[in-house]
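Written below as structure tokens is the structure these notes are about.
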Amino acid sequence: MIKMKKPAFTLSEALVTLSIIGVLGAIVLPGIIKDSINKANIALLQSTVSQLNDAIQTELVRTNVTNIEDTIIYKKPDVFLQRTFDVAEICSSNSPNSCYANTSTGYKTVNGTTSSIVYSKKAALLTNGVVIDFLTTNTTSTEEGHFPISIDLNGPKGPNILGVDRHLPCLAKTSDTKKGRQVGTVGGCVRASAKENGTENSSLITKCKAGNTEVCYYLLEQTGFDPNYLNLTY
């Protein structure tokens with residue numbers, strides 16, 4: 001009986017193949033990991049905002065008020081957050097602390113420049129690592145009738161990039177039927193002075209990348225929470 005030789009790779013061919021696979025893996029794998037992290041972060045952000053919305057509306061119904069400033073949500077946000085979430089710590093000291101890195105030098109914009117951030121001494125560090133901070137007195141960059149809520153998905157841990165792991169949705173303090181605003185709603189808002197050329201999103205992307213975190217959340221919401229919202233063509 002004639003035995004047929006089975007074709008096989010030589011050692012050098014196998015090594016070349018493994019090298020190519022290694023190079024491709026080194027190129028592709030970081031992108032896959034980054035994409036997975038971005039999707040997980042967005043899901044966590046949406047879940048946090050949804051829980052906030054539900055809790056705020058429940059409190060408004062319970063107290064039968066029409067202005068957030070008349071509630072514990074505004075007057076004692078740390079107490080309200082402890083009632084709503086599994087809180088590990090309330091950060092009442094200056095940064096850096098369990099909730100924030102150095103608020104003067106520890107944060108960056110998407111463009112890579114160092115940026116300072118506004119914070120309060122009533123931020124809540126949740127057991128899942130998310131930090132929520134009601135910035136009740138810092139309304140200079142938000143739309144009238146709102147105040148910003150800082151949601152940092154990983155607290156003082158990196159990368160600490162505005163619009164990536166730190167987001168600023170807005171909380172409506174009162175209702176305004178003409179503007180379609182409902183009291184207690186948490187969502188994106190942009191002060192008119194931050195807009196250029198009307199409300200075209202393409203004119204806002206530059207401001208987001210430069211560190212306007214309210215604009216970043218607004219754009220994120222407009223794209224249906226697309227993890228790649230900063231790279232989209234509007």
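The values are calculated or read from the model by the stated rules, or taken from the named source; none is laboratory data. Values in this document were obtained by computation on a predicted structure and should not be read as measured data. Positions of Cβ are generated from backbone atoms using ideal geometry, with glycine treated the same way; all protein chains shown enter the neighbour counts. Keep in mind that these areas ignore ligands, DNA and RNA; they rest on the heavy atoms of the full protein, side chains included. Shrake-Rupley method; radii C 1.70, N 1.55, O 1.52, S 1.80 Å.
Overview of values
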{"quantity": "In region 185-218, the residues that are part of a loop (DSSP other than H, G, I, E, B), open to solvent by 60 Å² or more (accessible area, probe 1.4 Å) and either among the small types (G, A, S) or modelled with pLDDT of 85 or more (or both)", "calculated": "A210"}
{"quantity": "Residue list for region 62-86, restricted to those being among the hydroxyl-bearing types (S, T, Y) and part of a loop (DSSP other than H, G, I, E, B)", "calculated": "T66, T71"}
{"quantity": "Close pairs (8 angstrom Cβ cut-off, 6 or more residues apart or separate chains): touching a residue at least 24 places away in the same chain (Cβ under 8 Å) in region 152-163, among the polar types (S, T, N, Q) and surrounded by fewer than 16 Cβ atoms within 10 Å (Cβ to Cβ) anywhere", "calculated": "G155/S98; P156/S98"}
{"quantity": "Residue in region 160-169 that is basic (K, R), crowded, with 17+ Cβ neighbours inside 10 Å and either closer than 18 Å to K75 by Cβ or in contact with a Pro (Cβ under 9 Å, 6 or more places away or on another chain) (or both) present", "calculated": "no"}
{"quantity": "Count of region 112-152 residues which are open to solvent by less than 10 Å² (accessible area, probe 1.4 Å), hydrophobic (A, V, I, L, M, F, W, C) and part of a loop (DSSP other than H, G, I, E, B)", "calculated": "2"}
{"quantity": "Residues being under 16 Å from the mean Cα position of the chain (by Cα) and part of a loop (DSSP other than H, G, I, E, B) - total across region 102-111", "calculated": "2"}
{"quantity": "Number of the exception - Q182 against (1) surrounded by 15 or more Cβ atoms within 10 Å (Cβ to Cβ); (2) at pLDDT 90 or above", "calculated": "(1)"}
{"quantity": "Of residues in region 29-83 being more than 26 Å from D176 (Cα to Cα) and among the β-branched types (V, I, T), the one modelled with the highest pLDDT", "calculated": "V79"}
